[in-house]
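Report on the following structure.
The values are calculated or read from the model by the stated rules, or taken from the named source; none is laboratory data. Small disclaimer: the values here were computed from a predicted structure and weren't measured. Methodologically, a virtual Cβ is constructed for each residue, glycine included, from the backbone with ideal geometry; neighbour enumeration extends over all protein chains shown.
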Amino acid sequence: MGEKVKVTNFVAKDARLGKNVRIWHYAYVGSGTVIGDDVKIGSLAHVDYNVKIGSGTMIEGSVYIPPMSRIGKNVFIGPAAVLTNDPYPPSKRMIGVTIEDGAVIGARAVIRAGVTVGKRSVVAMGAVVTKDVPPGKVVMGVPARVKYDRKEFDAKMKAWEESGSLT
């Protein structure tokens, strides 16, 4: 008893972190990555090299963000979501994922290399996104398909917060 446990993260020496960035236990931030202000990165998250993350973004635990990905401002990425960077593994050519401002990515969603998730769009939990997601749309399923728009999503979220009823 009395032993101290050392909790470690790896943040590359040339990674640039904005103000008030919080990185939880056992996370990895790769070389050349640029992270904006007020970003939270959860435990066991892996943010690879040459990634750009905008201010106000929340990345939950066990998320994988591959090299060359671009994450906008005020994005939410739920637990264990996986972005990919190789559309034909194991090829020698890679491409990142782009997630635009205000988008929401649900837990365990998988997003194919080269896909753009549009501004203020929502990817439901467990969805497998193989094509670009239009701005302001909600996609779900395997493969992910547009189900409704962000306005309806926001109304459902508000009803949940106010009454506790799922609609």
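Here E3 meets each of (1) in contact (Cβ under 8 Å) with a residue 12 or more places away in the chain; (2) farther than 25 Å from M140 by Cα with one exception, condition (1).
Cβ-Cβ distance below 7 Å, separation of 6 or more or different chains: which pairs start in the range 144-161 with a residue that is among the aromatic types (F, W, Y) and end on one that is surrounded by 13 or more Cβ atoms within 10 Å (Cβ to Cβ) and modelled with pLDDT of 90 or more? Correct list of pairs: Y148/V138; F153/V122; F153/V138. What is the residue count in the range 99-111 for residues that are assigned to a strand (DSSP E or B) and either without any contact (Cβ under 8 Å) to a residue 12 or more places away in the chain or over 21 Å from D154 (Cβ atoms) (or both)? Residues meeting the conditions: 2.
Here V82 fulfils each of the conditions (1) of a type outside the set (F, W, Y); (2) out of contact with any Asp or Glu (no Cβ under 8 Å at 6 or more places or on another chain); (3) at positive phi apart from (3). Note on the range 112-167: residues that are assigned to a loop (DSSP other than H, G, I, E, B) and either at pLDDT below 95 or over 22 Å from N74 (Cβ atoms) (or both) amount to 13.
Suppose the filter is under 13 Å from the mean Cα position of the chain (by Cα), closer than 22 Å to N9 by Cα and without any contact (Cβ under 8 Å) to a residue 24 or more places away in the chain; does V63 pass it?
So V63 fits the description; yes.
For the range 22-47, a residue qualifies if it is free of Cβ contacts under 8 Å to residues at least 24 places away in the same chain, assigned to a loop (DSSP other than H, G, I, E, B), touching a Gly at 6+ places or on another chain (Cβ under 8 Å) and buried (at least 20 other Cβ atoms within 10 Å of the Cβ), and the qualifying residues are A27, V39, A45.
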